[in-house]
Amino acid sequence: PTRANHEKLDAAIGAFESITAYRRYVAFLGRFRFAMDRVLHDVVWPGDWFWRPTAVSDSIAQDAKDLGLRLTPTETSDVLFDDQSGLLGAVYVLEGSTLGARVLRSQAAALGMTDGFGARHLAVMTRDMSCWQSFLRQLDDVEDFDIECAAQAANAVFDLALRCVETGGLPSPDFKASAD
């Protein structure tokens with residue numbers, strides 16, 4: 001139920017064929033993850049959950065600074081987590097992105113981006129793959145899981161990401177970054 005949105009987002013991001021493409025990606029990701037990290041910061045987590053998602057906004061901000069980008073995280077999220085199924089569906093998208101981050105990290109490295117310059121967020125996302133496994137165990141342990149509610153929340157997260165791309169999250173190829 002989320003494949004179409006996932007494929008649309010992957011196509012919108014594309015490969016890092018140049019520093020310009022990578023900078024556009026960091027600008028998009030900043031808008032998207034700042035919005036999602038704000039929402040997740042306000043979540044009241046179930047008391048029996050031992051796992052928490054990985055926040056990457058701070059490392060994205062550092063990467064943007066390295067790249068001479070001034071992020072303006074103005075996108076707001078209408079993604080709400082009314083129940084644990086919706087929360088799990090939304091977080092599934094975010095934590096699942098750690099798997100794709102492994103590929104993106106190697107593409108970024110080919111452009112000269114490192115764990116200490118320009119690709120900190122990818123290092124954070126790929127640092128500990130046991131987080132993904134912990135999340136999957138949490139998902140398996142949830143009682144009364146509503147797959148439809150989870151899919152709806154996951155699609156809302158993809159929709160937000162696509163909105164960030166479509167409404168200015170990816171500057172045009174002739175984008176000139178503002179210096180801080």
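Brief remarks on what is shown
- Largest-first ellipsoid semi-axes for the chain, taking √(5λ) over the Cα gyration tensor eigenvalues, angstrom: 28, 17, 15
- Where Rh is the Kirkwood radius over Cα pairs, Rg/Rh for region 30-132: 0.99
- Relative contact order %, the chain, counting alpha carbon pairs below 8 Å whose residues are six or more apart: 39 percent
- Each residue was assigned an accessible area with a 1.4 Å probe, and for His6 the value is about 80 Å².
- Adding -39500 (n - 2.57) for every DSSP H run of four residues or longer, then dividing by how many residues the chain holds, sets the calculated 222 nm ellipticity at -20000 deg cm²/dmol.
- Phi-based couplings in Hz for region 119-127 (Karplus 6.51, -1.76, 1.60; Gly and Pro marked x): 10, 4, 4, 5, 5, 4, 5, 9, 4
- Residue-normalised accessible area of the chain, expressed per residue, 1.4 Å probe, Å²: 52 Å²
- Centroid-to-centroid separation of region 93-115 and region 123-143 [C-alpha atoms, Å]: 17 Å
- Of the residues Thr126, Thr98, Thr72, the one that moves most in a GNM of the chain with alpha-carbon contacts below 10 Å is Thr72.
- Taking the accessible area of the chain, probe 1.4 Å, and keeping the other protein chains in place, the carbon and sulfur fraction comes to 51%.
- Unit charges at the beta carbon, dipole of the chain: most positive-side option, Tyr25, Trp49, Leu67: Leu67
- Under 5 Å from the amide H of Thr114 lie the amide H atoms of Ala119, each residue being 5 or more positions distant or on a separate chain, with H modelled from the backbone and absent for Pro and chain starts.
- Packing-based order for 127-136, 38-47, using average beta carbon neighbours within 10 Å, highest first: 127-136, 38-47
- Across region 156-166, rounded Karplus estimates of 3J(HN,Hα) from the backbone phi angles (6.51 cos²θ - 1.76 cosθ + 1.60, θ = phi - 60°) give 5, 5, 4, 4, 4, 4, 5, 4, 4, 5, 6 Hz, Gly and Pro being marked x.
- Dipole in debye (nearest 20) - region 8-156, about Cα centre, beta carbon charges: Lys, Arg +1; Asp, Glu -1: 1060 debye
- Lys65, Lys8, reordered so the largest accessible area comes first (probe 1.4 Å): Lys65, Lys8
- Distances between placed amide hydrogens fall under 5 Å for Leu67 paired with no residue 5 or more residues away or on another chain.
- Gyration tensor verdict on region 1-69 (Cα atoms; rounded if a/c is under 1.5, prolate if a/b is larger than b/c, oblate otherwise): oblate
- Acute angle (nearest 10 degrees) that the helix 3-13 long axis makes with the longest principal axis of the chain, alpha-carbon atoms: 20 degrees
- Rolling a 1.4 Å probe over the protein chains gives Leu88 an accessible area of about 0 Å².
- Backbone HN-Hα couplings from phi across region 96-109 [Karplus 6.51/-1.76/1.60, Hz, Gly and Pro as x]: x, 5, 5, 5, x, 4, 5, 5, 4, 4, 5, 5, 5, 4
- Longest DSSP-loop-exposure-free segment, GluC sites (Glu not before Pro), the chain, at most 13 other Cβ within 10 Å: 18-142
The values are calculated or read from the model by the stated rules, or taken from the named source; none is laboratory data. Remember, it's a predicted structure, so these values are computed and weren't measured experimentally. Positions of Cβ are backbone-derived with ideal geometry, glycine not excepted, and every protein chain shown enters the neighbour counts. Just so you know, the surface numbers come from the protein's heavy atoms only, side chains and all, with ligands and any DNA or RNA stripped out. Shrake-Rupley method; radii C 1.70, N 1.55, O 1.52, S 1.80 Å.
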